[in-house]
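Taking it in order: structure first as structure tokens, then the write-up.
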Amino acid sequence: MEDLIERAAKDLVTSNYAIALTGAGISTESGIPDFRGPDGLWTKNPEAERQAYLAYERFKADPKGYWEQRLSPDDPFRRWFAKFLEVQPNPGHYALAELERMSILKCVITQNVDGLHTKAGTQNVIEYHGGLDKLRCVECSSRFGTNRFDLEKLKSQGKLPPRCEKCGGVVKEDGVFFGEPIPADVLQRSVEEARKCDVVLICGTSAVVYPFADLPRTARRRAGVVEIEVNADPTPLTGEGVSDYLIQGKTGEVLPKIVEQIKRIR
């Protein structure tokens, strides 16, 4: 592993435009359970998975009813969201933030909705599947802090769903539901980053959820790009040769070692 860490450090130091792609694996080390792993939320509760797949259709069919359910005290999403507020970044998040401060890492594109990259100090973060700390207009994609609307007051006044201040469109959580298109602005920015990078750090993602899993393949089309996986297990990117090499281990352990190696060789 040490040879691969040294190799990754050299690839990053000599890069012109490095980006990171991150998935659930980097957040499980902060205590956030994944969904489909052995102890995953949906592994333990298949009904919760079924409801997650139905959420977007429910929202489209009845946004008022959807929000009324979300604001109900017994709504499971509210309990799930409360847990996220207590979670803190781990050494993997802080290592990526440090790489950005070193002017090596230019952008982090994450599948995660937990906001931990921002908490750790990373400035240029693209939340591919949205963020739990924001609301988004489904018409114009304007985003608002969760405190922008007094949702309880709107509920008591019979004025749900919340409406966009800019265009009047219906507002939902920023998190992207199953069956919901990735917002156009996020999709465009992510593809642009993948097309112009020369090094990609792929951290803690199984690379099986699309269209996010297309990003490493988009980057691969650029001549000379180097793709480095930091994952607990091999992924389809490993087997297909999309990534150049795999550093097998926990992101919270491997990424800080890469940062330390960079400091030694710079």
Quick shape summary for the chain, equivalent ellipsoid via Cα gyration tensor, semi-axes whole Å in descending order, reads 35, 19, 17
With the 8 Å Cα cutoff and a minimum separation of six or more residues, the chain has a relative contact order in percent of 26
Relative contact order in percent for the stretch 145-232 (Cα pairs under 8 Å, 6+ apart) equals 23
For the stretch 147-266, the dipole about the Cα centre with charges only on Cβ (Lys and Arg +1, Asp and Glu -1), to the nearest 20 debye, works out at 400
Over the chain, the sum of -39500 (n - 2.57) across DSSP H runs of at least four, divided by residue number and rounded to 500 deg cm²/dmol, gives at 222 nm -12500 deg cm²/dmol
Ordered by number, the GluC sites (Glu not before Pro) in the stretch 77-142 that occupy a DSSP loop and have at most 12 other Cβ atoms within 10 Å are Glu86
About its Cα centre, the chain carries a charge dipole, from +1 on Lys and Arg Cβ atoms and -1 on Asp and Glu Cβ atoms, whose size in debye to the nearest 20 is 760
Long-range amide H partners of Glu139, meaning residues 5 or more apart or on another chain whose placed amide H is closer than 5 Å, are Val170
Expressed in nanometres to one decimal, the distance between label points 7 Å along Cα→Cβ at Cys140 and Lys64 is 2.4
On the formula 1/(1 + (r/R0)^6), with r taken between the Cβ atoms of Lys153 and Asp214 and R0 of 45 Å, the FRET efficiency rounded to 0.05 is 0.60
Over 22 Å (Cα to Cα) among Lys60/Lys134; Lys83/Lys106; Lys64/Lys119; Lys83/Lys172 -> Lys83/Lys106; Lys64/Lys119
Expected sort for 171-179, 184-192 on mean C-beta neighbours within 10 Å, highest first, is 171-179, 184-192
Given 113-126, 16-29, the highest-first ranking by average Cβ count within 10 Å works out to 16-29, 113-126
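Values quoted throughout were computed directly from the atomic coordinates according to the rules given, and no laboratory measurement underlies them. Please read these numbers as outputs of a predicted model, since none were measured by experiment. Reconstructed Cβ throughout: ideal geometry from the backbone, glycine too, with neighbour counts over all protein chains shown.
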